[in-house]
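What follows is a short report on a single structure.
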Amino acid sequence: MLEKMKTGIAGLDEMLEGGIPRRRHVAIYGGPGTGKTTLGFEYLYRGAKMGEPGLYLTLEEGPEDIIDNMKNQFKALTDIDELIANQKLFIEAPNDYTVDAIVKILETRIIENDVVRAVIDSATMVKAMFETEAEYRKTMVEFFNLLKNLDCNTFLLVEAETSERTKIRFEIEHYILDGIINLYSLDKGDHRVRALEIFKMRGTNHSRDLVPFKVTPSGVKVYVGEKVF
Ligand SMILES: Nc1ncnc2c1ncn2[C@@H]1O[C@H](COP(=O)(O)OP(=O)(O)O)[C@@H](O)[C@H]1O
Ligand SMILES: [Mg+2]
């Protein structure tokens, strides 16, 4: 049996047959504002509460902005600062915008601080470091091989170019990573609803349903069994 790590996110573990297999790497794919940062952050927060330290590596917004936004979003989670102070939660930017710097910080936190969960926000920013698609692909494969040897689970956030479900282009991350969770902001009459689907999770008989989710002050709630439309 594969050992599973609970995400701790309400509803999501049920869809994942208990969680994500250990040492697996998952792409969180979605358009702007679909909740990638939110889901990634809560994944680390829940881990930290279960005694599994986590690292949020931000290449986009500054660490302070991420912390402020998440505290504002998750008003009922009042121990975020405490988890950071106790080194259960690390929210950092790499010193340098290179793949080497990203790997270095990951390795350091894993070895020195027992980090077992990491979020990289975002693969899209990693991609921006390269001049050609071919260079990016080559480096991503190398990066993924490095990740596979690290004793941690990662969420790699990927910015989708479109929020339309049928227009998603499959990128390199889809082929090399162990899992894919797609986030959507779907048109429903005069408003949008958030929805997610587990598109792929190696070694897991996961749900294939598109399910609605909400961001509440106490965390993300995934409404398993409910329909979006
Ligand atoms: N306090 C809040 N409660 C619920 N939703 C919020 C709150 N603050 C921001 N949001 C929503 O979350 C979205 C940003 O989510 P985020 O996780 O940063 O998305 P992404 O990383 O995919 O761009 C905002 O566009 C907004 O719709
Ligand atoms: Mg984000």
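General observations
- Percent accessible area from carbon and sulfur atoms, the range 1-160, protein chains only, probe 1.4 Å: 48 percent
- Sparse-neighbour loop sites [trypsin sites (Lys or Arg not before Pro); the range 65-101; at most 14 other C-beta within 10 Å; DSSP]: Lys75
- Helical mean residue ellipticity (222 nm; -39500 (n - 2.57) per DSSP H run of 4+; nearest 500) of the chain: -9500 deg cm²/dmol
- Helical segments meeting 18 Å axial Cα length and Kyte-Doolittle 0.0 threshold in the chain (DSSP H): 99-113
- Counting only Cα atoms, the range 74-162 measures 44, 33, 22 Å along its principal axes, largest extent leading.
- Cross-link pairs exceeding 28 Å between alpha carbons, from the set Lys4/Lys188; Lys49/Lys127; Lys4/Lys104; Lys148/Lys227: Lys4/Lys188; Lys49/Lys127; Lys148/Lys227.
- List Asp151, Asp190, ordered by accessible area with a 1.4 Å probe, largest first: Asp190, Asp151
- Accessible area of the chain divided out per residue, in Å², using a probe of 1.4 angstrom: 47 Å²
- Ser185, Ser218, reordered so the largest accessible area comes first (probe 1.4 Å): Ser218, Ser185
- Calculated translational diffusion coefficient of the range 4-222 (10 °C, 1.306 mPa s; Stokes-Einstein with Kirkwood radius over alpha-carbon pairs) equals 91 µm²/s.
- Proportion of all alpha-carbon pairs of the range 98-141 beyond 15 Å (%): 47 percent
- Sparse-neighbour loop sites [trypsin sites (Lys or Arg not before Pro); the range 89-124; at most 13 other C-beta within 10 Å; DSSP]: none
- Loop GluC sites (Glu not before Pro), the range 1-83, which have at most 10 other Cβ atoms in a 10 Å radius of their Cβ (DSSP): Glu3
The values are calculated or read from the model by the stated rules, or taken from the named source; none is laboratory data. All figures in this text were calculated on a predicted structure; none of them were measured in a lab. For neighbour counting, all protein chains shown are included, and Cβ atoms are generated from backbone atoms with ideal geometry for every residue, glycine included. Calculation scope for accessible area: heavy atoms of the full protein, side chains included, ligands and nucleic acids excluded. Shrake-Rupley method; radii C 1.70, N 1.55, O 1.52, S 1.80 Å.
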